[in-house]
Amino acid sequence: MKITKESVKNVLFAAAAVSFGVLIVVYSKAVAASVSTALERCLTVIIPSLYIFTALSGFFISSGTYQLLGKFFGTFSRYILKLPEELFGIFLISSVAGYPIGAKLISELYDHSEINKKDAERLLCVCYSSGPAFVIGTVGHSMFAESISVKAGLALFLSNFSANLLLLALMNIRKPVPEKTDKKAKLDFSADIMVNSVVGGGKSMLIICAVIIFFASLTAILSVTGIVGKLSLAVSTALGISQPLSETLICAFMEISCITGLDSAALYPAAAAMLSFGGLCVLLQIKAIIGSRFSLKSFLLARPVCAGFSYISAKLFFLLFDIDITSAASVTICANNTSYSPVLSIFLLIMTILLLSEKSIAKYKNM
């Protein structure tokens, strides 16, 4: 039997999957606790801050609203960013809606043949950001005192936004100014579009939450086997921070919502960089959403660059806003400290039923 590179890769993946399964059984208690925390985080942080934007993003594309939004910034988009005005609408929506929304919007444009593969891959590099609801409402409150949490959270969000804006301008600096389109935005606010957007948003949320829960189990295995501990010791030595803080940074690198446990205000530039990068879990969410439509190579090269821009711009915005970083966080807001509501579980169940009921959607359309 001839041994090929593909067969070796398949064997290694199979061995890793079997080993992971064995470790889940051996450390089932730790994995169950981590998954439970991740599920609660999904229900109390991720879904409330992302679901409505996820549903609306699909509606903006299907209804043509994104074209109207881009026209308001047409001159800036065309002459400064060298970007067609309708695509700037996509950039703006993805900047405030949350990490996977940009990938979802671009995928829908590609599916509707409104953007080619090359432009989709380039646009994906910058249509990637944590929304203000999460950065200001959650991360800001978890890292800073109540008196400055909103202002500090806004500075973190703007550092990410400006980093994406700068990278977009640099990527297109040699491109010609795109022609102004005279095509009017075609708006369609039908009930079918609204229903499909709601169901599509539910499907996206299930994908996102499923990936988060998977990474929670992976992080638990890495923790109980001592791998996270050794990494955090190396990071704490290199950065001169405590081991618990370095462990939080490592967990956030794996799954970005863990950054809510970062209660050191002095690490705000690192927090800005981590938020810009998004973490391995979000990267996997992006891959799950775009499927095989286009490559992630440019995207993966762009995100570390944007993270560096965000690190620097965070310092500039904190100086501009005159934020006192010596103010310690008065309270840490994270999923573990949030009271659990069964209503959110019911809401998630309803989304699941909607997704599994394709026939009900078809029936509605034929009414």
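Brief remarks on what is shown
- Whole-Hz Karplus values for the stretch 27-35 come out as 10, 4, 5, 5, 5, 4, 5, 5, 5 Hz, taken residue by residue from phi with 6.51 cos²θ - 1.76 cosθ + 1.60 and θ = phi - 60°; glycine and proline positions read x.
- Three-way shape label, the stretch 86-235, alpha-carbon gyration tensor, a/c 1.5: prolate
- Surface accessible to a 1.4 Å probe, T37 within the full protein complex, Å²: 40 Å²
- Gyration tensor (alpha-carbon) shape descriptor, the chain, a/c threshold 1.5: rounded
- Once all protein chains are placed together, V35 keeps about 40 Å² accessible to a 1.4 angstrom probe.
- Percent accessible area from carbon and sulfur atoms, the chain, protein chains only, probe 1.4 Å: 68 percent
- The phi-based Karplus calculation (6.51 cos²θ - 1.76 cosθ + 1.60; θ = phi - 60°) puts the 3J(HN,Hα) values of the stretch 282-294 at 5, 4, 5, 4, 4, 4, 5, 6, 7, x, 9, 4, 8 Hz, whole numbers, x for Gly and Pro.
- Over the stretch 1-45, accessible surface divided per residue gives 71 Å², non-protein components excluded, 1.4 Å probe.
- Only protein heavy atoms count here; under a 1.4 Å probe, S19 has an accessible surface of about 60 Å².
- Each of H141, H112 has its accessible area taken with a 1.4 Å probe; listed largest first, they run H112, H141.
- With θ taken as phi - 60° and the Karplus curve 6.51 cos²θ - 1.76 cosθ + 1.60 applied, the whole-hertz 3J(HN,Hα) list for the stretch 144-150 is 10, 5, 4, 5, 10, 4, 5 Hz, x standing for glycine and proline.
The values are calculated or read from the model by the stated rules, or taken from the named source; none is laboratory data. Source: prediction; values computed, not measured. Just so you know, the surface numbers come from the protein's heavy atoms only, side chains and all, with ligands and any DNA or RNA stripped out. Shrake-Rupley method; radii C 1.70, N 1.55, O 1.52, S 1.80 Å.
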